[in-house]
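Reading through the structure tokens given below for one structure.
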Amino acid sequence: MMQSNRRAVMADAVEQEFFDAIDRLLQNKPRNRALAIKAKAGTLQINTTTVALEAGHSRTQIGHDKCKYQKVRAKILGLKNAEAEPHTAEDTIRKLRIRITEVQMELRIANSEKAALIIRMQKTEKAANREIGKAKRSAEQKNRDPNHVVGRSFSDIEAQVIQFPKNDE
């Protein structure tokens with residue numbers, strides 16, 4: 001029992017070292033020489049590699065989905081996904097230009113989708129009008145007098161009886 005308790009304390013100590021390393025990196029005050037140089041240059045990033053380097057432990061302990069220290073990994077990924085505030089006007093302009101490009105692409109896609117929908121709607125409307133015409137003609141044909149001559153009605157003509165000659169042969 002004492003052995004498992006000692007392991008838990010050791011694991012907690014390593015995990016605490018990772019969290020302390022994250023805090024130092026967030027404060028931009030790393031102890032590692034290479035990371036300190038990056039911090040001064042303003043290129044320091046917080047990721048699994050830099051946290052492991054600052055903590056003095058292997059990256060594999062926090063570097064994959066089934067790693068030993070899931071809480072540390074979750075915190076690093078949360079920090080990595082958080083959007084950093086721009087520090088200079090150039091950074092702000094760069095981010096805004098990227099956003100403008102994204103919005104323009106979204107607008108182009110939306111316009112092309114609208115155009116496709118309009119074309120589809122027009123085709124559907126033509127097909128519906130065609131079917132309506134067929135239905136009207138079919139209904140008119142059913143109600144029509146079977147003796148009706150196309151183009152003229154008998155009511156317009158005066159009726160005459162014509163006698164055919166008899167064949168006397």
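Taking the range 28-41, which residues are over 16 Å from GLU17 (Cβ atoms) and outside any helix (DSSP H, G or I)? Outline the logic, then answer.
Let us first name the residues in the range 28-41 that are over 16 Å from GLU17 (Cβ atoms), namely 28, 33-34, 36-41.
Correct list: ASN28 only.
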- [ ] Could you look through the range 30-41, keep only residues that are of a type in the set (Lys, Arg) and out of contact with any helix residue (DSSP H, G or I) (no Cβ under 9 Å at 6 or more places or on another chain), and pick out the one that is modelled with the lowest pLDDT?
- [x] LYS40
Task: Matching residues, the range 53-83, being assigned to a loop (DSSP other than H, G, I, E, B) and among the polar types (S, T, N, Q) - done: SER58
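Rundown of residues vs (1) in a helix (DSSP H, G or I); (2) at pLDDT below 90; (3) out of contact with any Phe, Trp or Tyr (no Cβ under 9 Å at 6 or more places or on another chain), yes/no style:
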| residue | (1), (2), (3) |
| --- | --- |
| GLN3 | yes, yes, yes |
| ARG7 | yes, yes, yes |
| GLN16 | yes, no, yes |
| ALA21 | yes, no, yes |
| THR43 | no, yes, yes |
| VAL51 | yes, no, no |
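Each row is one residue, and each column tells you yes or no for (1) within 49 Å of the chain's Cα centre (by Cα); (2) among the hydrophobic types (A, V, I, L, M, F, W, C); (3) at pLDDT 90 or above.
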site: ILE76; (1), (2), (3): yes, yes, no
site: ASN81; (1), (2), (3): yes, no, no
site: GLU85; (1), (2), (3): yes, no, no
site: LYS95; (1), (2), (3): yes, no, no
site: LYS114; (1), (2), (3): yes, no, yes
site: GLN122; (1), (2), (3): yes, no, yes
site: GLU131; (1), (2), (3): yes, no, yes
site: LYS134; (1), (2), (3): yes, no, yes
site: ARG144; (1), (2), (3): no, no, no
- [ ] Check LEU107, LEU26 and return the single one that is of a type outside the set (Val, Ile, Thr) and closer than 30 Å to ASP12 by Cβ.
- [x] LEU26
- [ ] Six or more apart or on different chains, Cβ under 6 Å: which pairs go from a residue in the range 52-74 that's more than 12 Å from GLN16 (Cα to Cα) and open to solvent by 90 Å² or more (accessible area, probe 1.4 Å) to one that's small (Gly, Ala, Ser) and modelled with pLDDT of 90 or more? Could you list them?
- [x] ARG59/ALA52
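The values are calculated or read from the model by the stated rules, or taken from the named source; none is laboratory data. Predicted model, so just to flag it, every value in this text is computed and none were measured. Reconstructed Cβ throughout: ideal geometry from the backbone, glycine too, with neighbour counts over all protein chains shown. With ligands, DNA and RNA removed, areas are computed over all heavy atoms of the protein, side chains included. Shrake-Rupley method; radii C 1.70, N 1.55, O 1.52, S 1.80 Å.
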